[in-house]
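The values are calculated or read from the model by the stated rules, or taken from the named source; none is laboratory data. The structure displayed is predicted, hence computed values, not measured ones. Here the Cβ positions follow ideal geometry from the backbone for every residue, glycine too, while neighbour counts run over all protein chains shown. The area values use the complete protein model at the heavy-atom level, side chains included, leaving out ligands, DNA and RNA. Shrake-Rupley method; radii C 1.70, N 1.55, O 1.52, S 1.80 Å.
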Amino acid sequence: MREKLHAAHPNNSSLFDVKHDRGGMIDIEFAVQYLVLAFSNEFAALTKNLGNIALLGMAAELGLIDRDLSGRCRNAYREFRHLQHALRLNGAQYARVPPQQVSDYRGAVLELWRTVMSP
């Protein structure tokens, strides 16, 4: 499914798309949903409709992911949403920024992806 979304939103620019590019918002959302699906039978609290930021925090509290990684990814998600909203409010067609502007956030999200999605 992740590959289908990536293919549906190609980014041929040199900018980083905060929603669709690897290490962006969708990767956080997929990782959170995977954690919910994989562990909600053991931890029913994951099924509450709390939002991605709260669920990342809960995943750390439950020992499913590292606390530091959880915090960095929650900050990344907040920053990506902030950037997306600001760009769209200013009429941008896409929520894209120079990659160096978000490199630390993207790095955290890619680490989350590897941690959660690796076999």
field: Selection from region 109-119 of residues that are in contact with a helix residue (DSSP H, G or I) (Cβ under 9 Å, 6 or more places away or on another chain) and open to solvent by 70 Å² or more (accessible area, probe 1.4 Å)
entry: T115
task: Output the residues belonging to region 103-119 that are modelled with pLDDT under 95 and among the basic types (K, R).
output: none
- line: Turns out the helices (runs of 4 or more DSSP H) fully within region 1-108 with at least 2 residues that are surrounded by 13 or more Cβ atoms within 10 Å (Cβ to Cβ) and touching a strand residue (DSSP E or B) at 6+ places or on another chain (Cβ under 7 Å) are none
